[in-house]
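The values are calculated or read from the model by the stated rules, or taken from the named source; none is laboratory data. Treat the numbers as computed from the prediction; the structure is a model and nothing was measured. Counting neighbours? That spans all protein chains shown, and the Cβs are built from the backbone with ideal geometry, glycine included. Heavy atoms of the whole protein, side chains included, go into the accessibility calculation; ligands, DNA and RNA do not. Shrake-Rupley method; radii C 1.70, N 1.55, O 1.52, S 1.80 Å.
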Amino acid sequence: MIELARSSVQTWECDQMGHMNVQVYVEKASDALAAFGAAIGLGPKKLAHRGLVLEPADQHIRFLRELRPGTPYFLRGGAVHADIMALTAYSELVQTASGEVAATFRTRAHLRNRTDGVFDGFEDGVRAMAMHHAVEVPAHGAPRGLTMDAPRDPAPTLADADKLGMIPTFEGVVRTSDCDEKGEMIPRAFMARVSDSIPNLLVQTSGRDRGSETDVGGAALEYRFIYRARPRPGDIVCIRSGLRAIGGKTYQWVHWLFDRESGEAIATCEAVAVAMDLKARKAIALPDALRARLEPLVIDGLGV
């Protein structure tokens with residue numbers, strides 16, 4: 001693997017759990033993808049000249065270790081596969097001091113023309129350069145709690161979600177700060193919406209209020225995102241969430257993100273999460289009372 005980024009965790013990048021928020025991991029994955037693009041001849045200046053953007057379409061993330069404020073880290077990665085219409089890249093975020101991998105990202109990316117939205121092809125030379133940095137996805141980067149099924153086609157609509165009884169967990173306006181220089185919402189902002197929705201999800205499904213809890217919190221172990229559209233400033237995004245499955249310590253949520261005005265999906269994602277003892281910094285088993293409350297909420301057939 002080649003090095004793609006290096007930095008440290010800032011206090012303002014962390015949430016009430018005391019560790020780096022999931023949206024920041026996605027931002028770092030975007031940094032790694034951009035840097036790998038530059039390494040294979042698709043740097044930002046070249047892309048801008050051609051009116052193209054290298055963007056994720058299908059992204060799998062595993063969170064392996066917490067990152068606390070002040071922790072130094074770097075990202076490294078390479079190419080898993082490259083064909084005319086898609087580049088699959090792998091990267092991992094490594095704690096500099098310990099050498100331990102804190103998170104992994106497997107991203108299927110494509111080139112999109114910003115003017116007409118048409119996907120462009122990867123040139124032979126670019127594909128050859130990508131595979132010059134070919135890597136095998138290690139076991140710690142492979143899916144564990146999620147199945148990598150084909151995304152829903154056609155995409156779900158807001159009406160579909162409401163018909164299934166999915167829970168409204170977020171609604172808000174896209175800000176300029178959520179978008180890139182061309183006015184399209186960035187991947188970090190998609191995850192930020194989901195992250196912001198979780199406290200509403202928990203209080204509606206389990207009665208837990210994260211604003212008043214001091215001993216028990218939660219942590220994501222794994223995510224998969226399917227990016228379907230790019231909202232712009234002023235658009236209204238809403239989320240409908242549903243419970244897909246419950247395990248011994250884990251539970252699996254599905255979140256569908258929609259353009260509130262059109263009802264069309266802008267992204268679909270699923271996550272594996274655990275309850276967390278904030279003092280011991282360890283996952284805990286789901287209490288029987290919580291399990292009994294959640295089991296009736298499981299919706300068969302949910303997915304990305």
Here, strands (runs of 3 or more DSSP E) confined to region 223-290 with at least 1 residues that are among the charged types (D, E, K, R) and open to solvent by less than 10 Å² (accessible area, probe 1.4 Å) are 265-277
- Scan region 36-43 and give yes if some residue there is out of contact with any Pro (no Cβ under 7 Å at 6 or more places or on another chain), more than 24 Å from Ala192 (Cβ to Cβ) and surrounded by 20 or more Cβ atoms within 10 Å (Cβ to Cβ), otherwise no. yes
Taking region 57-72 and keeping only residues that are farther than 27 Å from Asp149 by Cβ and assigned to a loop (DSSP other than H, G, I, E, B), one is left with Arg65, Glu66, Leu67, Arg68, Pro69, Gly70, Thr71
- Query: Looking at Gly77, is it surrounded by fewer than 18 Cβ atoms within 10 Å (Cβ to Cβ) and not in a helix (DSSP H, G or I)?
  - Reply: no
The residue from Glu100, Glu136, Glu123, Glu92 that alone is farther than 30 Å from Tyr251 by Cα and either of a type in the set (Asp, Glu) or touching an Asp or Glu at 6+ places or on another chain (Cβ under 8 Å) (or both) is Glu123
Every listed condition ((1) in contact (Cβ under 8 Å) with a residue 12 or more places away in the chain; (2) part of a helix (DSSP H, G or I); (3) farther than 24 Å from Val22 by Cα) holds for His140 save (3)
Taking region 152-182 and keeping residues closer than 20 Å to Ala57 by Cβ, out of contact with any Gly (no Cβ under 9 Å at 6 or more places or on another chain) and not in a helix (DSSP H, G or I) leaves Asp153, Pro154, Ala155, Pro156, Cys179, Asp180, Lys182
Note: among Gly117, Gly99, Gly145, just one is outside any strand (DSSP E or B), touching a residue at least 40 places away in the same chain (Cβ under 8 Å) and open to solvent by 30 Å² or more (accessible area, probe 1.4 Å), namely Gly145
Picking from Thr71, Thr88, the residue that is hydroxyl-bearing (Ser, Thr, Tyr), surrounded by fewer than 21 Cβ atoms within 10 Å (Cβ to Cβ) and touching a residue at least 24 places away in the same chain (Cβ under 8 Å) would be Thr71
Of the residues in region 1-31, those that are open to solvent by 60 Å² or more (accessible area, probe 1.4 Å), among the polar types (S, T, N, Q) and assigned to a loop (DSSP other than H, G, I, E, B) number 1
